[in-house]
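In what follows, a structure is listed as structure tokens, so that the remarks can point back to it.
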Amino acid sequence: PFFRAHSMINSNDAEPWAFGEEVEEISRNYMNLRYKLLPTIYSNFYRSSQTGLPLSKSLAIDHPHDALVYDAAFQNQYIFCDNLLIAPVESTKEITKVFLPEGDWYYLYDGKISEGNQVIYQDCPLSYLPVYVRAGSILAMQSLVSHTAEQHDGMLRLHLFLGKNAFTYQHYEDDGIGFGYKDGEYFIRHISVDPSNRTIRFSQGQGKFKSKFPKIKLFFHGADIEEIHW
């Protein structure tokens, strides 16, 4: 979902290495990001199976009464995994306009926070597609793997993007292969964050599947955390 448009995309050879070393390296970086985000993506696939909503959706689904989501300048923006706002841009541009809907948004690459309900100007060098994370959300990440069957290091990295209000993330796992999930062979855990009370709560795991992540590491965005009390 994070690839940028390229003028040669409709050519016979559209593999990343066909466009030179720079584009190949950029493509590799985004592929690596996708593999790291697999826990978030997989959990959101489960969410989609329950709600019927797609992983990638138009801004109009969540903000149908906001006229700017239908503006030609922003109609290609979309939400990925419910909390990532993607702003596709041509590879020839170095700066672009981005519409941020209601709420606060973190720029993925430097953590800068911008208020929603406004249009901003964003630098967009070839190596950085504009991506924003909704304040009040969690991105679950794993160690880098080269394919989905490769074992990660067993540590779930939870990036907490704090906002003004409390929020909950639903983490989901199963074996990713068979149909055992139909008989309860899955793992679900809810992680609730309340910034006003400075609390994080991990629910008891549900399901008969044992989590593949025996260790959890927390990363806080938008707050200075000096110590944690268990």
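The values are calculated or read from the model by the stated rules, or taken from the named source; none is laboratory data. Computed from a predicted structure; not experimentally measured. Note: ideal-geometry Cβ built from the backbone for every residue, glycine included; neighbour counts use all protein chains shown. The area values use the complete protein model at the heavy-atom level, side chains included, leaving out ligands, DNA and RNA. Shrake-Rupley method; radii C 1.70, N 1.55, O 1.52, S 1.80 Å.
Couple of notes before you dig in:
- Residue that is nearest to TRP105 (Cα to Cα), among those in the stretch 140-160 that are under 13 Å from the mean Cα position of the chain (by Cα) and open to solvent by less than 10 Å² (accessible area, probe 1.4 Å): LEU160
- The residue of the stretch 108-138 that is nearest to the chain's Cα centre (by Cα), among those that are over 26 Å from PRO64 (Cβ atoms), touching a residue at least 40 places away in the same chain (Cβ under 8 Å) and surrounded by 13 or more Cβ atoms within 10 Å (Cβ to Cβ), is SER127.
- Unique match (being in contact with a Gly (Cβ under 8 Å, 6 or more places away or on another chain) and either assigned to a strand (DSSP E or B) or among the hydrophobic types (A, V, I, L, M, F, W, C) (or both)) among TYR106, TYR132: TYR106
- Residue tally, condition assigned to a loop (DSSP other than H, G, I, E, B) and over 19 Å from VAL133 (Cα atoms), over the stretch 183-224: 17
- Residue in the stretch 147-163 that is outside any strand (DSSP E or B), closer than 20 Å to LYS217 by Cα and in contact with a helix residue (DSSP H, G or I) (Cβ under 9 Å, 6 or more places away or on another chain) present: yes
- Complete set of residues in the stretch 38-52 that are open to solvent by less than 80 Å² (accessible area, probe 1.4 Å), out of contact with any strand residue (DSSP E or B) (no Cβ under 6 Å at 6 or more places or on another chain) and of a type outside the set (Ser, Thr, Tyr): LEU38, ILE41, ASN44, GLY52
- Check on TYR78, among the hydroxyl-bearing types (Ser, Thr, Tyr), under 14 Å from the mean Cα position of the chain (by Cα) and open to solvent by less than 20 Å² (accessible area, probe 1.4 Å): no
- Considering ALA73, ALA60, the condition of being without any contact (Cβ under 8 Å) to a residue 40 or more places away in the chain, closer than 30 Å to GLY20 by Cβ and of a type in the set (A, V, I, L, M) is satisfied by ALA73 alone.
- Strands (runs of 3 or more DSSP E) contained entirely in the stretch 6-95, each with at least 2 residues that are aliphatic (A, V, I, L, M) and modelled with pLDDT of 90 or more: 84-86
- Residue in the stretch 83-107 that is farthest from VAL69 (Cα to Cα), counting only those that are in contact (Cβ under 8 Å) with a residue 60 or more places away in the chain and acidic (Asp, Glu): GLU90
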